[in-house]
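Peer 1: Sharing a structure, written as structure tokens. Questions coming.
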Amino acid sequence: MTASNTLSLALLGSTALALVMPTATHAAGFVEDAKVTLGLRNYYFNRNFLNHTQNNQAQAEAWTQSFILDARSGFTQGTVGFGLDVLGLYSVKLDGDRDVANSQMLPIHDDGRPADDFGRTAVAAKAKISKTELKVGEWFAVLPILRADDGRSLPQTFQGAQITSNEFDGLNLYGGQFWKNSQRHDASREDMSFNGVAGDDFNFGGGEYRFNGNSTMLGAWHARLEDVYKQSFVQLTHSQPVGDWVLGANLGYFNGKEEGAAKAGNLDNKVYQGSLNAKTGNNGFTLSYQRLSGDTKFLRIDGTSGGTLVNDGFTASFDAPEERSWQVRHDYNFAGLGIPGLTLMNRYTSGSNIHTGGRTDAEEWARESELAYTIQEGSLKNLSIRWRNSSVRRDVGADADENRLIINYPLSIL
């Protein structure tokens with residue numbers, strides 16, 4: 001996608017809504033509940049490889065300006081309501097060349113040069129009856145067993161179909177199939193794959209039940225990348241006020257194996273994880289433990305986020321074969337000091353017992369910080385600035401120090 005498409009992308013959502021806008025009284029919900037926003041994302045990324053083991057490259061660096069148009073209609077009136085969602089994505093390179101490529105901010109040409117710009121348009125039709133919704137097309141999907149990544153210039157999207165049902169109080173049911181994957185640094189749509197091995201369709205189903213005044217959630221999921229892997233996940237979360245504190249827990253278990261023709265070979269992965277957190281006033285504290293077993297790293301579609309893992313971070317997911325990791329984290333909200341909108345996060349994660357690179361005792365650690373400020377009022381209200389600073393050290397792989405500066409400004413169009 002070239003720079004000449006920028007304006008058309010900025011107008012795409014509103015135009016698409018207008019083209020399909022129903023007439024007469026049925027249009028009321030479609031228009032009245034519609035929302036259109038344009039996100040302006042300026043993103044600077046710099047990662048220094050201290051031992052130069054990443055593609056014989058000492059540094060990965062890029063600077064981009066992205067435009068993320070999110071246009072979502074409401075539903076037409078009637079027994080069955082219809083709607084349309086449009087996601088227009090476009091990113092322009094402001095700086096970065098082949099000597100500092102591989103930041104995953106931009107596509108890379110065959111000669112190793114980062115693209116000057118890239119983008120794509122994702123369109124999804126939707127229908128709703130009662131409290132059950134069917135969605136078909138392409139969108140930014142976030143599910144415990146398929147979590148699109150939004151950690152660079154543009155978000156990852158998937159093509160597929162999904163049914164979501166909320167017919168019973170407290171119970172959400174999900175099911176569907178995805179067949180194409182557009183990663184965060186790519187304008188193309190590729191087959192769903194694991195570790196570079198393409199499978200057929202990705203099928204999934206799951207449910208989450210919330211009870212005890214919504215303070216407790218029990219979830220169960222199953223997914224299959226046909227002819228590659230199958231995976232199940234169960235999760236229990238709970239939060240409980242205790243005096244001036246709010247205590248929480250997040251427990252989970254993954255079990256994954258090869259599936260069908262086993263195109264990626266025999267697979268064996270289990271993840272046991274738990275996270276405990278406590279909040280009081282403007283402080284938050286978290287302690288997490290994550291343990292993998294089996295001969296395979298954590299099973300997930302290529303390019304997706306590991307955010308369901310309790311020890312997933314900016315620079316590492318601590319998801320290597322047999323890895324055991326723990327994390328300690330502190331969050332602080334400066335509203336307590338009279339600066340609303342300013343927050344600080346610090347965490348340290350350590351992993352050991354890694355079976356990789358011919359070793360069975362490799363270790364790694366990461367120290368990550370994020371200082372963020374969101375403007376609370378005025379013409380730039382909701383503009384946010386985030387500075388992420390990280391260091392990662394590994395026995396096997398690249399040691400790195402990293403800085404990211406991310407400026408987001410959401411503009412409400414409708």
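The values are calculated or read from the model by the stated rules, or taken from the named source; none is laboratory data. Nothing here was measured: the structure is a model prediction, and the numbers come from that model. In this analysis, Cβ positions are derived from the backbone assuming ideal geometry, glycine residues included, and neighbour counts consider all displayed protein chains. Keep in mind that these areas ignore ligands, DNA and RNA; they rest on the heavy atoms of the full protein, side chains included. Shrake-Rupley method; radii C 1.70, N 1.55, O 1.52, S 1.80 Å.
Peer 1: Rg/Rh for the stretch 298-414: what does it come to with C-alpha atoms and Rh from Kirkwood?
Peer 2: Using only Cα positions, Rg/Rh for the stretch 298-414 is 1.08.
Peer 1: Okay, next question. Under a Cβ-only charge scheme (Lys and Arg +1, Asp and Glu -1), can you give me the dipole magnitude of the chain about the Cα centre, in debye to the nearest 20?
Peer 2: 720 debye
Peer 1: Continuing with the same structure: What part of the accessible area of the chain, given as a whole %, is carbon or sulfur when the probe is 1.4 angstrom?
Peer 2: Roughly 53 percent, rounded to a whole number.
Peer 1: Do any trypsin sites (Lys or Arg not before Pro) in the stretch 339-414 lie in a DSSP loop with no more than 13 other beta carbon atoms within 10 Å, and if so, which?
Peer 2: Lys381
Peer 1: Which value, in debye to the nearest 20, gives the size of the charge dipole of the stretch 252-311 about its Cα centre, when Lys and Arg are +1 and Asp and Glu are -1 at the Cβ?
Peer 2: Magnitude of the dipole: close to 200 debye.
Peer 1: While we're on this one: Identify all aspartates and glutamates with a Cα-Cα distance to Lys180 below 12 Å; exclude those on the same chain that are fewer than 8 residues away in sequence.
Peer 2: Glu138, Glu190, Asp191, Asp200, Asp201, Asp302
Peer 1: Let me ask another. Which lysines, if any, have their Cα less than 17 Å from the Cα of Lys270, not counting same-chain residues under 8 positions apart?
Peer 2: Output for Lys270: Lys230, Lys257, Lys297.
Peer 1: With viscosity set to 1.002 mPa s at 20 °C, what whole-number translational diffusion coefficient in µm²/s follows for the chain from Stokes-Einstein and a Kirkwood radius over Cα pairs?
Peer 2: 93 µm²/s
Peer 1: Compute the length gained on full extension between Tyr348 and Asp95: take 0.36 nm times their separation in residues and subtract their Cα-Cα distance, giving the result in nm to one decimal.
Peer 2: 88.0 nm
Peer 1: What distance in nm lies between label points placed 7 Å from Cα along the C-beta direction at Asp401 and Ser232?
Peer 2: So the two model labels end up 4.7 nm from each other.
Peer 1: To continue, here is another question. Which percent of Cα-Cα pairs in the stretch 107-179 sits in each 10 Å bin, short to long?
Peer 2: Taking all Cα pairs of the stretch 107-179, the binned fractions are 16, 39, 27, 12, 6, 1 percent.
Peer 1: What's the magnitude of the charge dipole for the stretch 130-275 around its Cα centre, counting Lys and Arg as +1 and Asp and Glu as -1 at the beta-carbon? Answer in Debye, nearest 20.
Peer 2: 160 debye
Peer 1: Mind checking which aspartates and glutamates have their C-alpha under 19 Å from Lys93, skipping anything on the same chain fewer than 8 residues away?
Peer 2: Glu61, Asp110, Asp111, Asp116, Asp117, Asp150, Asp186
Peer 1: Related question: I want to check the label-to-label distance for Phe211 and Phe168. Put each point 7 Å from Cα in the C-beta direction and report it in nm to one decimal.
Peer 2: Those two pseudo-labels are separated by 1.0 nm.
Peer 1: Pull out the extension gain between Leu218 and His330, defined as 0.36 nm times the separation in residues minus the alpha carbon to alpha carbon distance; nm, one decimal.
Peer 2: Using 0.36 nm per residue and subtracting the Cα-Cα distance, I get 37.7 nm.
Peer 1: Next question, about the same structure. Report the dimensions of the stretch 292-348 along its three principal axes from the alpha-carbon atoms, largest first, rounded to Å.
Peer 2: 51, 23, 15
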